[in-house]
1. First select every other residue whose beta carbon is under 10 angstrom from the beta carbon of A:Leu336; then total the charges, Lys and Arg +1, Asp and Glu -1.
2. What net charge do the residues around B:Gly258 carry, taking every other residue with its C-beta under 12 Å from that of B:Gly258, with Lys and Arg at +1 and Asp and Glu at -1?
3. Mind computing the radius of gyration and Dmax over the alpha-carbon atoms of region A:75-216? Å is fine for both.
4. For an R0 of 41 angstrom, estimate the FRET efficiency from the Cβ-Cβ distance between B:Ala284 and B:Leu159 and round to the nearest 0.05.
5. What is the helix-to-structure angle for B:106-118, meaning the angle in degrees between its Cα long axis and the longest Cα principal axis of chain B, kept from 0 to 90 and rounded to the nearest 10?
6. Going by alpha carbons, how many degrees (0 to 90, nearest 10) lie between the helix axis of B:73-87 and the longest principal axis of chain B?
7. Based on alpha-carbon centroids, what's the gap between region B:294-340 and region A:188-224 in Å, whole number please?
8. Taking A:Lys269 as the anchor, which lysines have their alpha carbon closer than 27 Å to its alpha carbon, excluding any fewer than eight residues away along the same chain?
There are 2 protein chains.
Amino acid sequence: MRPTVHDIAAAAGVSLATVDRVLNQRPGVRHVTREKVETAIRDLGYVRDVAAANLAKGRVYPLTFILPASDNSFMHGLNAEIRAAIARSATERTDIRIVEVPAFDPQALVRELETVAAEKPSGVALVATDAPDVRAAVDRLVKDGIPVVTLVSDLTGSLRHHYAGVDNIAAGRTAARLLGRFLGGAKGEIAILAGSMLVRDHRERLEGFAAVMAQEFPALHLLSVLEGRDDPEVAHMLIADALGKNDGIIGIYSLGAGNRGLIRALKEKAVDRALTVIAHELTAHTRAALLDGTIDAILNQDAGHEVRSAIRVLKAKADGLAVIDAQERIRLDIFLKDNLP
Amino acid sequence: MRPTVHDIAAAAGVSLATVDRVLNQRPGVRHVTREKVETAIRDLGYVRDVAAANLAKGRVYPLTFILPASDNSFMHGLNAEIRAAIARSATERTDIRIVEVPAFDPQALVRELETVAAEKPSGVALVATDAPDVRAAVDRLVKDGIPVVTLVSDLTGSLRHHYAGVDNIAAGRTAARLLGRFLGGAKGEIAILAGSMLVRDHRERLEGFAAVMAQEFPALHLLSVLEGRDDPEVAHMLIADALGKNDGIIGIYSLGAGNRGLIRALKEKAVDRALTVIAHELTAHTRAALLDGTIDAILNQDAGHEVRSAIRVLKAKADGLAVIDAQERIRLDIFLKDNLP
DNA sequence: CCAAATTTGATGTACGTAAATCAAAAAATG
DNA sequence: CATTTTTTGATTTACGTACATCAAATTTGG
C-alpha cells in the first residue's frame, strides 16, 4: 500500500498538522522539524494522492489559451479542439478560457499576456509570435510561478516550460527528402509556397527543406519563396503565375496554409504536367487533393493532440508533477493517400 | 457547479441511500423509483466523480497483459512500456501483471485466457493470435463482463471492446506506395519478409501491400513471401539466400520483426546493389540502418502509446465511461532519417 | 526568569462517493 | 386485516488530503 500523510507523521515523529504544514509550505515549522518530515517523505517514497487532494481543495485548474485571430482551417481546427476540451471540463477539473489576439502582432500579445497574468490562472498556453518583447513577457509569467506552454509555434530562448508542437525543421527536412525521392533522379525546379517568413514555424520548415535539398538533391533547384500570406487567393495567383511562366517546375512544397488556392491553381494549370506536390496540414481540401492525386503527400500536426498535451502539461506543472515525455512529444504525421485517418 | 449525489436525491425526491443503490446497481429499489432517479441523473447531467468514487472504494484496477514470448526488439519494447506503466501504478491506481505465452500458439493463448479470466481482473489486454478458439475465449471474457482490448494484432469478429494498434492494411498500402514511388518507374522484383502468415497483422500488411502494388506499380513483381518467424537468424538466412540467387531484386518490404537479421544480410550481400528497403518497427537496429542508408523508410507503431491507450481504455470500460476516440487512434508513424524522434 | 513569540499537537470539518446498518414505511401476501 | 416481504430513509464511517481553530509546548528576547 502506498504511504499516506499518517505514515509520514508517524515516521517523522510529528503530528499530522505538521506534515500538512510542510507539504503545503505553510509557515510555522522549525527548520529541523521540516527536514525530519522531508526525510520521511523521501524515505517512504510518499507521493501525494492528487485525486484526494483535488477533492479536498475543490480544485479546478483555470487555464487560458491565447490564439491568433487567423481565419484559416488550421486555426479553426485548433479552436474546435480547445472547445472540445472545454466540454470535458467537468471531469477534468479544468476551467478553460480562449482569448484571441491580432495575428503577427507582438505588442497585442504582450498586452494580453499582462492581462492574463493579472488573473493568476493555473496555466497559460499560447501560440507564440517570435519577438523579444513576447519572450520577456512569457518569462515574467514564469517567474510569477505561472506554468506556460507554447503551442504550434515555439519561443526558444524563453523560460516557457514546454512546447506542444512539431519540430518544424525536421518537418521541412522530411518534406525535402520525400519530394527528392519521389522525383527519382529528375532534374528541375522546385517552387516553394509559404505563408510568411515572419513566423518562426514557416522559417524553420524552409530552413530544414533547403538544407536537405542542397545536400542531397543537387539536381533540384529551389526557386525563391512565394509568400502567400496563408491566403487562398494570393496563393492561387502566385502559383498560377509561376507555373505559367516556368515550365521547368517539377515539384512544389507548400509549407503554410491557404492550400485551397494552390490546389485550384494546380487543377487549372497543371493537368497535363507531372508535378510532385507536398503540402502541410490535413484539411478537407488537402485531403481531397491527396485522394485525387493532386497532392502527393501531406505533413500534418494533430491539433487535438497538441491541445490535450498542453492541458496535461499545464496541470502537471501546476501540481509540480512529472510528465511522460514520450507521451507529450507531438509527432509529425505523414499522410499518403493510403493512411488517411 | 456540477451536480452531486445530493442534488440527484433532492431532484428525484428520494434519499441518498436510494440514489446510491441505483448508481451502484444494488438491489432493493422498485422499478418506478429507479426510473425517477435515472431521470434526475439525465436531467441534471450528473456524472459520477470518478476520483472521489475511487478514493471511497480504495479501488485499484487489476489489469493483465498477455504477450507472446517472442525474442525480438519490438516485443522487448512493448514489455518495457508495460513495465514503465507498472512503475506509474501508484498514481494511476493500476495493478498490472504481464504474462507470456508461447508465440503463434492459439491453444496456449486460450488456456492462459481461461486462467486469467478466473482471476476476474478489471481488464485484459492481449496480443491476439488469430484463431477461432481464441476468438471464442475472448468472447467468453467479454460476456463475463471483463473488458478486453487487443494489442498490436486485432481479432476482428470477436467481441473485444477495442483494438489498440495500427491499421495494418493501411500500413501495407503505405509501404507499397512509398516503395513504388521511391523506385520511380523502375522494373524489377520485390522480396517480402514476414514473420508468419498465421498472425493477422502480418497477413493484413501483406494484403494491403500486394493490393497497391498490383494496382499502381505493375512494373514491380512480388516474389513469394519469406516467413522469418520474427527470428533474426532465420531472417538473415532467407534474405541472404534470396539476394544470392536473384539479382533482379530491387526492393524489399520487411513487414515483421527480426530485422536485425535482415540488416546483417543487406550489409553482407548488397553493399554494391541499389536496393530500396522499407521495414517495420523502429528499434535501435532499424534506426541505425535508417541513418546509414541501409533502410529507406521505417513504418512504426508506438508501443508506448499503445500500452497507455490500452490502459486508458480498459479503465474507462471498467467504469463504463466514454473514451476520446481521436486520442486512442494509434497512428502509423512513418520515419525517414530526418524525422526520427 | 518571565513574558512574548513561535512552533507543534490535537481535533474537527470538508470534498464526493461507497458501503454498511438499522429503523421506518410501504407494498405484497394470505 | 394481520403478517411477511420489500422498499426506502436516516445515519454513520471511511477513503486521503486540505485547512482552520485552539490549546499546549517550546523557544526566544529582554
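1. Numbers: positive: A:Lys337, B:Arg173, B:Arg177, B:Arg181; negative: A:Asp296, A:Asp338.
Net of charged neighbours comes to +2.
2. Working: positive: B:Arg229, B:Arg260, B:Arg264; negative: B:Asp71, B:Glu227, B:Asp230, B:Asp231, B:Glu233, B:Glu281.
Cβ neighbours under 12 Å give a net charge of -3.
3. Here Rg and the maximum Cα pair distance are 18.3, 58 Å.
4. Numbers: r = 38 Å, r/R0 = 0.92.
Here the calculated transfer efficiency is 0.65.
5. Once rounded, one gets 20 degrees.
6. 20
7. 31
8. A:Lys187, A:Lys245, A:Lys337
The values are calculated or read from the model by the stated rules, or taken from the named source; none is laboratory data. What you see is a predicted model; the values in this text were computed from it and never measured. Note: ideal-geometry Cβ built from the backbone for every residue, glycine included; neighbour counts use all protein chains shown. Keep in mind that these areas ignore ligands, DNA and RNA; they rest on the heavy atoms of the full protein, side chains included. Shrake-Rupley method; radii C 1.70, N 1.55, O 1.52, S 1.80 Å.
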